[in-house]
Amino acid sequence: MTVIPRCPQRQPKAAIAAALALALTLSACDTAPDADAPAEATASRIAVERAWSRETAPGQGVGGAFLTIVNRGSAPDRLMGGATAIAEDVQIHTVDMTNGVMRMRHLAEGLEIPAGGTVTLEPGSYHIMLMDLQRPLTRGDTVPLTLEFEKAGSVDVELAVQPVGAAGPEEAHHG
């Protein structure tokens, strides 16, 4: 039996070509976050649902905003505040009962949203205060609100304005 030797020069070229093809394939599958990716990519851990507010009377200086925050991430985050064109300031508040008297308290350090957890902001509990309203909140309107999270950054939502005395949203918009 005669053995025919292979050409040693072809094997290195084939190996180099295969290595380059593999490197190109792997680099095309890179899933690392892009440094230039928009903030929305980071905010994808945070979902805001059932965002709503109650209508206010003319001249009323403050309004409340209520919503549910879902943290789909593996680390806690913190709602720090927000911004809207219709109010000078957006603050996070809670309601405390002291000696039989309910009092609102500003949460200057923000509100923690636990990893994998859900926090509901509702009347009589945690809520968002829209301070120094520039105009009344009118039933049926939607009000843009940008929430600021410590880690996730900015999350835009729309508040569905409900009637005075509403206990929850009729058709709240998701953010």
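No value in this document is a laboratory result; all are computed from the given coordinates. Predicted model only: the values in this text are computed from it and were never measured. As a convention, Cβ positions derive from the backbone with ideal geometry for all residues, glycine included, and neighbour counts pool all protein chains shown.
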**OP:** Would you mind getting the Kirkwood hydrodynamic radius of segment 42-162 from its Cα pairs, rounded to one decimal in Å?
**Re:** 14.5
**OP:** Taking the Cα centre of segment 42-162 as origin, sum charge times position over the Cβ atoms of Lys and Arg (+1) and Asp and Glu (-1), and report the length of that vector in debye to the nearest 20.
**Re:** 220
Subject >> Size of segment 93-175 as Cα extents on the principal axes (Å, biggest first) >> reply: 37, 34, 25
Subject >> Between segment 68-83 and segment 85-104, the alpha-carbon center distance in angstrom >> reply: 19
**OP:** At 7 Å along the Cα-to-beta-carbon direction for both A57 and N99, put a label point, then send me their distance in nm to one decimal.
**Re:** 2.8
**OP:** Would you grab the residues whose amide H sits under 5 Å from the one on A152? Only those 5+ places off in sequence or on another chain, please, with H modelled 1.01 Å from N.
**Re:** R78
**OP:** Using the Karplus curve 6.51 cos²θ - 1.76 cosθ + 1.60 with θ = phi - 60°, work out ³J(HN,Hα) for each residue of segment 67-79 in order, rounded to whole Hz, and write x for Gly and Pro.
**Re:** 5, 10, 10, 10, 9, 8, x, 9, 10, x, 10, 9, 6
Original post:
What is the extension gain from A108 to T146, computed as 0.36 nm multiplied by their sequence separation minus the C-alpha to C-alpha distance, in nm to one decimal?
Top reply: 11.9 nm
Subject >> Phi to ³J(HN,Hα) by Karplus 6.51 cos²θ - 1.76 cosθ + 1.60 over segment 142-151, Hz, x for Gly, Pro >> reply: 10, 10, x, 9, 9, 8, 10, 10, 4, 9
